[in-house]
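One structure is given below, encoded as structure tokens.
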């Protein structure tokens, strides 16, 4: 049982057993010399000597802040310690292993001392200067010595932190210039993971290699982008499939909890971070996909102006990177038609339109009675369009009609496999390097020292050399090789689900326009109400097939073949003509 006694100083209470909070902090999780276990052990020894109890089980009082920098995050903003500091009535003492586990800033120390004096707390450091224990007792408001000593120690800690920062900054600057060398600290660019440097490259330090799991996600994103989906639509799919975001992916690799603070504000946290369209754009436009080292948004370059590589196995080639960039930078008005949702069972979504207003029709599953079938309806009002004659039509009849027409026209045509050999255009990199050079030129003459001026000139010369090199490179056009698969569109249609069949219709440029029908007990589709058209790449092949079929039928009936130069129409509504060679 805890007993208390009062000192001669009014209002000051000393407890025989103090309620303590054991505080543990790490800047880097892989630092074995300052491991949580070592910090706990030192705290327990100091607590036993001072009669401090940390509790146990569900009542354990402990603040564990891992991967938190004392130089950047004050004690009041740390996830767990900040929570304890917000409820001072639940403890009497805070115990750290060493001074640098608590603070590395005089400003933070001042705030912590002010808080301890206000709430009359005992601050303990298990190993102080020379290895001995240090106690700062703020329970006596008339003893200012503790606060003075804390400020002196805080000054020393801040000087040490600055020295460490300078050494790390210098080391990082040197490592940035080393080809294939990764600093080994922090989260690598998405798509890569750290690995020991191979012996053939010296075997010292770390490099980056492709992360198979992340690369598969990047390949999936690029495929969807090439299929016409926007970055935002791709983000929706990834979130629906619970694909970890880049930050969560790294947390899972390091066996940490996913999610965290948003925007640097502790009050807003998420259990998981979500994919967003802007995040996908930033990732795909980042030159790290080319294997380039980046620093503050610009490439790290060698003396010849060439980008310094951080890996020997880049995720993308220059041609692939430029192709993706061209799609992302294309104005939205020039983008392909927005793809249909993947979570709907409406076969004709984006295919079927109201003939009166030209707007899309949507599948309405509401039923007036038990046997009623879903209908495609004109829903122009929700988009602010006034339709003069809004149409609706039975869904299953329309699906069957479009399926039959599509397979009649292209069902026997063989599908093809397209292999694209990317070309090379030096212009995108040339323009980017020119922009980098122009930005660098704005700093000309601002250097006050000869060394700074020499460094400025060194980078200017490197950029100039790179620009000159890019100007000598020739553009190489891409190649598109088309080979037959031996399978027909009917074969593919039979194996696809609704979403796959809808994608086939959209890719073929199929469109169905529906006019308002007449009243009556119709038992099948009135084909006079619909206009089927196809304007994609399959249209010429389908028309040639129809012409050939017509020629064969005419030959069987005894008609002569068409004369050279004559033309034929696929259907009455088709506007294109094909020439039939004799």
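List of remarks:
- Qualifying residue in segment 374-382 (condition: at pLDDT below 90, closer than 19 Å to residue 503 by Cβ and assigned to a strand (DSSP E or B)): no
- In segment 300-310, the residues that are under 19 Å from residue 187 (Cβ atoms) and either touching a helix residue (DSSP H, G or I) at 6+ places or on another chain (Cβ under 6 Å) or at pLDDT below 90 (or both): 300
- Some residue of segment 334-355 being modelled with pLDDT under 90, more than 30 Å from the chain's Cα centre (by Cα), closer than 25 Å to residue 493 by Cα and not in a loop (DSSP other than H, G, I, E, B): no
- Matching residues, segment 248-258, being surrounded by fewer than 17 Cβ atoms within 10 Å (Cβ to Cβ) and assigned to a helix (DSSP H, G or I): 252, 253
- Only listed residue being out of contact with any strand residue (DSSP E or B) (no Cβ under 7 Å at 6 or more places or on another chain) and modelled with pLDDT of 90 or more, chosen from 503, 490: 490
- Which numbered condition residue 448 misses (of (1) surrounded by fewer than 14 Cβ atoms within 10 Å (Cβ to Cβ); (2) at pLDDT 85 or above; (3) not in a loop (DSSP other than H, G, I, E, B)): (3)
- Of the residues making up segment 451-500, those that are touching a residue at least 40 places away in the same chain (Cβ under 8 Å), in a loop (DSSP other than H, G, I, E, B) and in contact with a helix residue (DSSP H, G or I) (Cβ under 9 Å, 6 or more places away or on another chain) are 473, 475, 478.
- When segment 509-539 is filtered for residues that are over 20 Å from residue 375 (Cβ atoms), touching a helix residue (DSSP H, G or I) at 6+ places or on another chain (Cβ under 8 Å) and part of a loop (DSSP other than H, G, I, E, B), the ones remaining, listed by number, are 509, 536.
- Restricted to segment 1-53, the set of strands (runs of 3 or more DSSP E) holding at least 1 residues that are in the same structural domain as residue 63 (by TED's automatic domain parsing), in contact with a strand residue (DSSP E or B) (Cβ under 6 Å, 6 or more places away or on another chain) and modelled with pLDDT of 55 or more comprises 18-25.
- The set of residues in segment 223-247 being touching a residue at least 60 places away in the same chain (Cβ under 8 Å) and in a helix (DSSP H, G or I) consists of 225, 226, 231, 233, 237, 240, 247.
- The residues of segment 404-415 that are in contact (Cβ under 8 Å) with a residue 12 or more places away in the chain, assigned to a helix (DSSP H, G or I) and surrounded by fewer than 18 Cβ atoms within 10 Å (Cβ to Cβ) amount to a single one, 407.
- Residue among 327, 315, 280 that alone is outside any loop (DSSP other than H, G, I, E, B), closer than 30 Å to residue 435 by Cα and at pLDDT 90 or above: 280
- So residue 72, is it in a helix (DSSP H, G or I) and surrounded by fewer than 22 Cβ atoms within 10 Å (Cβ to Cβ): no
The values are calculated or read from the model by the stated rules, or taken from the named source; none is laboratory data. The structure presented is a predicted model; accordingly, all values stated were derived computationally and were not measured. Glycine also receives a Cβ, built like all others from the backbone with ideal geometry; neighbour counts cover every protein chain displayed.
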